[in-house]
Amino acid sequence: MKILKRLIFISSFVLMSLLFFTCDESFEPVYEVPADLQPYVDRFIQEAALRGYAYQIDNLIIRYTTDENVGICGRCNSNATQGEFQKIIYINSDCFYTHDSQIEALIFHELGHCFLSRSHDTALLPNGDSKSIMVSNNISLYSPCLYPVDDDNSCNFTYKREYYLDELFDANTPVPNWAE
């Protein structure tokens, strides 16, 4: 019986070692981002740098799809067939966004899942606005005026954007004055 236990232990150890070293050595990151979405990935990296985070994204695939399993408009996955670290974002082609802020919000949300390990956050600010761009099932955040309307009724993309991006990179960002 002792021999059988030792044999099982040794076999398990060898198998786990092989799996660990095989997966680790065989992973080669893939980077494939459609040209129309590349500026948003670049902007994400720039916004991270402004907040003290250095990201080099070399393991990202973004694909358009009409798969209904994507969710509302996007989904971030790790694909085990391409290595456990490969990040893949699927963007639902049926979500037709034409405004820069809409696309930015969606791509930043999905990059938040993939590279910041952020989960959905349904909390609200005191004024009833979503606390985070990581909110789930609320496509109103992707409206043309994500960072909303100013006094002259035009979209002002700096009004709330700074808070939402600060919060994206730091979930403990204090509630802004405009939300109290």
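This table checks each residue for (1) part of a loop (DSSP other than H, G, I, E, B); (2) modelled with pLDDT of 80 or more.
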position	(1), (2)
LEU106	no, yes
LEU111	no, yes
ILE133	yes, yes
LEU141	no, no
ASP151	yes, no
TYR159	yes, no
ASN172	yes, yes
TRP178	no, yes
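TYR97 falls short on exactly one of the conditions (1) closer than 24 Å to TYR31 by Cα; (2) open to solvent by 50 Å² or more (accessible area, probe 1.4 Å); (3) modelled with pLDDT under 85, and that condition is (2).
For residues in the stretch 110-132 being open to solvent by less than 40 Å² (accessible area, probe 1.4 Å) and touching a His at 6+ places or on another chain (Cβ under 9 Å), which is farthest from LEU60 (Cα to Cα)? Looking at residues that are open to solvent by less than 40 Å² (accessible area, probe 1.4 Å) and touching a His at 6+ places or on another chain (Cβ under 9 Å), I get SER132. In the stretch 1-54, which residue that is open to solvent by 100 Å² or more (accessible area, probe 1.4 Å) and within 21 Å of the chain's Cα centre (by Cα) is modelled with the lowest pLDDT? The residue in question is GLU28.
The values are calculated or read from the model by the stated rules, or taken from the named source; none is laboratory data. This structure is a prediction, so every number in the text was calculated from the model and none was measured. Virtual Cβ from ideal backbone geometry, glycine too; neighbours counted across all protein chains shown. Quick note on the areas: whole protein, heavy atoms, side chains included, nothing else; ligands and nucleic acids left out. Shrake-Rupley method; radii C 1.70, N 1.55, O 1.52, S 1.80 Å.
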